[in-house]
1. Enumerate the calculated ³J(HN,Hα) couplings along segment 57-74 in order (Karplus 6.51 cos²θ - 1.76 cosθ + 1.60, θ = phi - 60°), each rounded to whole Hz, writing x wherever the residue is Gly or Pro.
2. In the full protein assembly as shown, how much of residue 68 is accessible to a 1.4 Å probe, in Å² to the nearest 10?
3. Greater than 18 Å separation of Cα atoms is the criterion. Which listed pairs, 22/48; 22/95; 26/89; 68/89; 26/95, meet it?
4. Rg to Rh ratio, segment 54-101, alpha-carbon atoms and Kirkwood radius?
5. Provide the FRET efficiency to the nearest 0.05 for the residue 73-residue 44 pair, computing r from the beta carbons and using R0 = 22 Å.
6. Taking θ = phi - 60°, what integer Hz values does the Karplus form 6.51 cos²θ - 1.76 cosθ + 1.60 yield along segment 45-50, in sequence order, with x for Gly and Pro?
Amino acid sequence: MKETFKTKLFSKIKSSTCGKIKEILKHLSLPAVIYAENLIGKGFGETKKQIAIDFIINSLPSFLLPLKSVIKRLLSDVLDFAVELAVEKLHSIQKNLPDTI
């Protein structure tokens, strides 16, 4: 199938938008996971994940807040993945900390 100008443009916009979203999520996900961890401590993984996702959604720029339920629904897999990566990063950081502080 021959790619038209419209399809190429849409693909480029989609790729650019996804990149921007990933960058925003990358910066918000670790603080969100740390917040959830500090709020309820060890265990309660799914609850902490939901708290972290809500933290991310509520940290979005104010002009996006009216759309937060739509964003949460449309990006649920992406948000879930970003939180999981942040959890791994936090565990890696904690593992490398000295035992006594």
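1. Per-residue couplings from phi come out as 4, 6, 8, 5, x, 4, 5, 8, 4, x, 9, 4, 5, 5, 4, 4, 5, 6 Hz.
2. 80 Å²
3. Violating the 18 Å Cα-Cα cut-off are 22/48; 22/95; 68/89; 26/95.
4. 1.19
5. 0.40
6. For segment 45-50, the Karplus curve yields x, 5, 5, 5, 4, 5 Hz.
The values are calculated or read from the model by the stated rules, or taken from the named source; none is laboratory data. Here the structure is a predicted model, which is why all the values come from computation and not from measurement. Don't worry about glycine lacking a Cβ; one is built from the backbone with ideal geometry, like all the others, and counts go over all protein chains shown. Heavy atoms of the whole protein, side chains included, go into the accessibility calculation; ligands, DNA and RNA do not. Shrake-Rupley method; radii C 1.70, N 1.55, O 1.52, S 1.80 Å.
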